[in-house]
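Below is one structure, written out as structure tokens; comments come after it.
The values are calculated or read from the model by the stated rules, or taken from the named source; none is laboratory data. Bear in mind that the values here come from a model prediction, so they are computed numbers and not experimental data. A quick note on method: Cβ atoms are made from the backbone with ideal geometry, for glycine too, and the neighbour counts reach across all protein chains shown. Note: accessible area is taken over every heavy atom of the protein model, side chains too, but ligands, DNA and RNA are not part of it. Shrake-Rupley method; radii C 1.70, N 1.55, O 1.52, S 1.80 Å.
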Amino acid sequence: MSAAVMSMPALTSASGGVEVNHLGVNNTLVRVTGEGRYLSLPVQETADDAKINILVDGDIAETIYVRLAKSKTDYTVPFDMSAYKGRNVLLDVVTPQGRGSIREAKDDACWKGIALVDTFDVSNREKYRPAFHHTPLYGWMNDPNGMFYKDGLWHLYYQYNPYGSKWQNLSWGHSVSSDLVNWEHQPVAVTPDGLGYIFSGSCAVDKNNTSGFGDDAVIALYTSAATSQIQSLAHSGDNGATFVKYPGNPVITLESEARDPKVFWNDETGEWNLVLAHALDHEMLFFTSPDMKNWTLTGSFGQGLGAQGGVWECPDLFKLPVEGTDETKWVLICNINPDGPFGGSGTQYFIGDFDGKTFTADKDAAGNVPTKWLDYGKDHYATVSWSNAPDNRRTVIGWMSNWQYAADVPTMQFRSANTLPREMGLFRAADGEVYASCAPSPELTSLRGKLTLKNVKATIGKKGRTYALPTANDGICEILLDIDARKADKVELALSNNSGNKVVMEYDVKARTLSFDRTESGIVGFSESFPAVTVTPTYEADGKITLRIFVDRSSIEVFGNDGRFVMTNLVFPDKPYSSLTVTSEGGNIKLSNLNIYSLKVK
């Protein structure tokens, strides 16, 4: 099913039930006395986390944290009971209130709503749930991780909290797709254990059984996060549906904070390489291994280079050809938060060489290592690539949000979406520098429905021209256009509706930049960091740009000149944008190849 299709049977009560016993001002026991697939837990967004120990036959089987409802229930989340069927299950709940609190646990709203149910309703209840971007069915999502391609399926894992729409209980959620467009949600693949939460990491297909877990086993390297951050291994013999954790974990320990291991097989050296973010030291560490169990530190890169104002996270490292040449270069991706180009999160990268031990960055004409950004929007983070992708593709995807306000956006059933999948390449710009491009993955053309505007050409000046946007499927659409602005100073493209919401994009011909203003885009008051103007260089020198714009219910992604510049920004309009207006300053422009597609959702 697609990311937008969320139909399941409605919530129904199971036979039997639960018994609630309050032991004091902040401790409650919930005994499961009946049968049902799920235990429905009422959640209030503004509540603090309650700690819940799940006792099975008297032993703690797992611990979860849930914002149990105090004064009202915003929504419910399901705790899957199927693994404990036929056993004695008791929830030991500690709520965040002490003897000095005015209210006691027994007064909380959650106890009236907690119940055994046979099914859980995941039909979409959100106005702003994307129609064609991957989202979790419910709960919180942040970084994509562990992605690999195998046997015709793209596997996407992600940081996931199944028990609420804010950061907590970090596990690996899992979805699969045969076309990078329609995603099927799978059971949670890796859950917290005694070493901590399951933070970001990566997967590799061990084609030669170097690890001893079997030919073509899928090996996951991830960060176990508790008091400290350490690196662990798990392996899968069923193509990533389930994982078995390595009993020798952790496989890498350091004296300081490090996370998000990216593992890949290096054909040139005949061994495994791993890149690890040395988060607070603002550097990347490099390791080698013959078997993914025993790792040797070989080098580091980054101290004093690039953006240094935030922690370094979610690395990736791969080699790509430079367009139009016989040259190849290595790309080191370094996600950083805060200190992105417009505040909060961002994805920087370095171009250079990798010898299997360490990375050496290219320098610019002035002898410096330049800071480069993969996307100049506010909402593009944790970008990493699929391993084992077909046809030598380097396909990446990111988290479409920003740590400045990710927990405050106007949704509750779910939080966050992924960016559209993108194909990475390298090109040399007019300044002589090599840059990374990110073009929409070719599979995305399958989204196209009715062509509502076809091959429009126009000469446009100050008076401008206005074109209608599709109305189907809440106005989701794809806009393609070419602009020749050699005789103008600036070009403005405005997406708007009759509620006064608008997004304004401005191409500054002389500065060779494109800006994106969402300060009046719709709902913007949930965070002072949300209203913003973002600006990207266009890397052209002839006054011509080609734009490909994807408009979803709560996001706009702008790809310019086949992905040579990109901006990703969330928007929350009161109503869908209904028109595109194009105007120019300082002279007329030539608009051509304006095509607008309504997009399909299954």
Open item on the list: Among the numbered criteria (1) modelled with pLDDT under 95; (2) surrounded by fewer than 19 Cβ atoms within 10 Å (Cβ to Cβ); (3) hydroxyl-bearing (Ser, Thr, Tyr), which one does residue 84 miss?
Closed with: (1)
Task: Unique match (being open to solvent by less than 20 Å² (accessible area, probe 1.4 Å), of a type in the set (Lys, Arg) and out of contact with any Pro (no Cβ under 7 Å at 6 or more places or on another chain)) among 125, 129 - done: 129
Task: Failed item in (1) hydroxyl-bearing (Ser, Thr, Tyr); (2) over 32 Å from the mean Cα position of the chain (by Cα); (3) at pLDDT 95 or above, with residue 101 passing the rest - done: (3)
Task: Matching option when the condition is touching a strand residue (DSSP E or B) at 6+ places or on another chain (Cβ under 8 Å), part of a loop (DSSP other than H, G, I, E, B) and either among the β-branched types (Val, Ile, Thr) or open to solvent by less than 40 Å² (accessible area, probe 1.4 Å) (or both), among 521, 515 - done: 521
Task: Residue list for the range 554-568, restricted to those being assigned to a loop (DSSP other than H, G, I, E, B) and open to solvent by less than 50 Å² (accessible area, probe 1.4 Å) - done: 554, 561, 563
TODO: Answer with yes or no whether residue 486 is over 23 Å from residue 532 (Cβ atoms) and either in contact with a Gly (Cβ under 6 Å, 6 or more places away or on another chain) or surrounded by 14 or more Cβ atoms within 10 Å (Cβ to Cβ) (or both).
DONE: yes
- [ ] Look at residue 36 and say whether it is more than 12 Å from residue 95 (Cβ to Cβ) and modelled with pLDDT under 95.
- [x] yes
TODO: Name the single residue, out of those in the range 143-190 being without any contact (Cβ under 8 Å) to a residue 60 or more places away in the chain and in a loop (DSSP other than H, G, I, E, B), that is least open to solvent (accessible area, probe 1.4 Å).
DONE: 170
Open item on the list: Test of understanding: among 313, 268, which residue is open to solvent by 60 Å² or more (accessible area, probe 1.4 Å), of a type in the set (Asp, Glu) and in contact (Cβ under 8 Å) with a residue 24 or more places away in the chain?
Closed with: 268
- [ ] Could you check residue 587 against (1) touching a residue at least 40 places away in the same chain (Cβ under 8 Å); (2) on the phi < 0 side of the Ramachandran plot; (3) surrounded by fewer than 24 Cβ atoms within 10 Å (Cβ to Cβ) and say which number it fails?
- [x] (2)
TODO: List the number of the failed condition for residue 48; all other conditions in (1) open to solvent by 30 Å² or more (accessible area, probe 1.4 Å); (2) without any contact (Cβ under 8 Å) to a residue 60 or more places away in the chain; (3) out of contact with any Pro (no Cβ under 6 Å at 6 or more places or on another chain); (4) under 20 Å from residue 22 (Cβ atoms) hold.
DONE: (3)
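Listed here are the residues, each with its yes/no results for (1) modelled with pLDDT under 95; (2) part of a strand (DSSP E or B).
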position: 298; (1), (2): no, yes
position: 309; (1), (2): yes, no
position: 312; (1), (2): no, yes
position: 316; (1), (2): no, yes
position: 331; (1), (2): no, yes
position: 335; (1), (2): no, yes
position: 342; (1), (2): no, no
position: 357; (1), (2): no, no
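Does residue 395 satisfy being open to solvent by 20 Å² or more (accessible area, probe 1.4 Å), among the polar types (S, T, N, Q) and either touching an Asp or Glu at 6+ places or on another chain (Cβ under 9 Å) or at positive phi (or both)? Talk me through it step by step, then tell me what you get.
On the way: open to solvent by 20 Å² or more (accessible area, probe 1.4 Å): no; among the polar types (S, T, N, Q): yes; either touching an Asp or Glu at 6+ places or on another chain (Cβ under 9 Å) or at positive phi (or both): yes.
No, not satisfied.
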TODO: Could you list all residues from the range 208-219 that are touching a residue at least 24 places away in the same chain (Cβ under 8 Å) and open to solvent by 10 Å² or more (accessible area, probe 1.4 Å)?
DONE: 210, 212, 213, 216
Open item on the list: I'd like the full set of residues that are assigned to a loop (DSSP other than H, G, I, E, B) and within 23 Å of the chain's Cα centre (by Cα), limited to the range 359-385.
Closed with: 371, 374, 375, 376, 377, 378, 379, 380
TODO: Counting only residues that are at pLDDT below 95 and closer than 27 Å to residue 175 by Cα, give me the strands (runs of 3 or more DSSP E) lying completely in the range 235-295 with at least 1 of them.
DONE: none
Open item on the list: Return the residues of the range 540-552 that are part of a loop (DSSP other than H, G, I, E, B) and either open to solvent by 50 Å² or more (accessible area, probe 1.4 Å) or free of Cβ contacts under 8 Å to residues at least 60 places away in the same chain (or both); say none if nothing qualifies.
Closed with: 541, 542, 543
- [ ] Just name the residue that is farthest from the chain's Cα centre (by Cα) out of those in the range 280-306 that are small (Gly, Ala, Ser), closer than 25 Å to residue 363 by Cβ and buried (at least 18 other Cβ atoms within 10 Å of the Cβ).
- [x] 302
